[in-house]
Amino acid sequence: MKKTNLLVSLKSLEEITGEVLRNVDIIDLKDPEKGSIGAWSEKKIFEAVKIISKKKLISATLGDVKDIEE
């Protein structure tokens, strides 16, 4: 039987906790205050990668199209 993976979207570094790292398979970095697929800043993404390391898969959004065009 295939395992179902759990993806959780986090909006800040403070949400990366031991409980999240133990129970979540994929961590999605998304800031809903910046739109439906709002992006984290590059600096915060790099910090998250340092914290999460190779413990979990990481997904990050690029932001809404209007953000990319600016």
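Annotations for the structure displayed:
- Among the residues making up the range 23-54, those that are among the basic types (Lys, Arg), in a helix (DSSP H, G or I) and out of contact with any Gly (no Cβ under 7 Å at 6 or more places or on another chain) are 43, 44, 50.
- Flag for residue 19 being acidic (Asp, Glu) and open to solvent by 90 Å² or more (accessible area, probe 1.4 Å): yes
- The residue of the range 5-16 that is farthest from residue 58 (Cα to Cα), among those that are under 10 Å from the mean Cα position of the chain (by Cα) and open to solvent by 80 Å² or more (accessible area, probe 1.4 Å), is 11.
- Extreme residue, modelled with the lowest pLDDT, among residues of the range 47-64 that are open to solvent by 70 Å² or more (accessible area, probe 1.4 Å) and within 15 Å of residue 30 (Cβ to Cβ): 62
The values are calculated or read from the model by the stated rules, or taken from the named source; none is laboratory data. All figures in this text were calculated on a predicted structure; none of them were measured in a lab. Quick reminder, even Gly has a Cβ in these numbers, built from the backbone with ideal geometry, and neighbours come from all protein chains shown. Quick note on the areas: whole protein, heavy atoms, side chains included, nothing else; ligands and nucleic acids left out. Shrake-Rupley method; radii C 1.70, N 1.55, O 1.52, S 1.80 Å.
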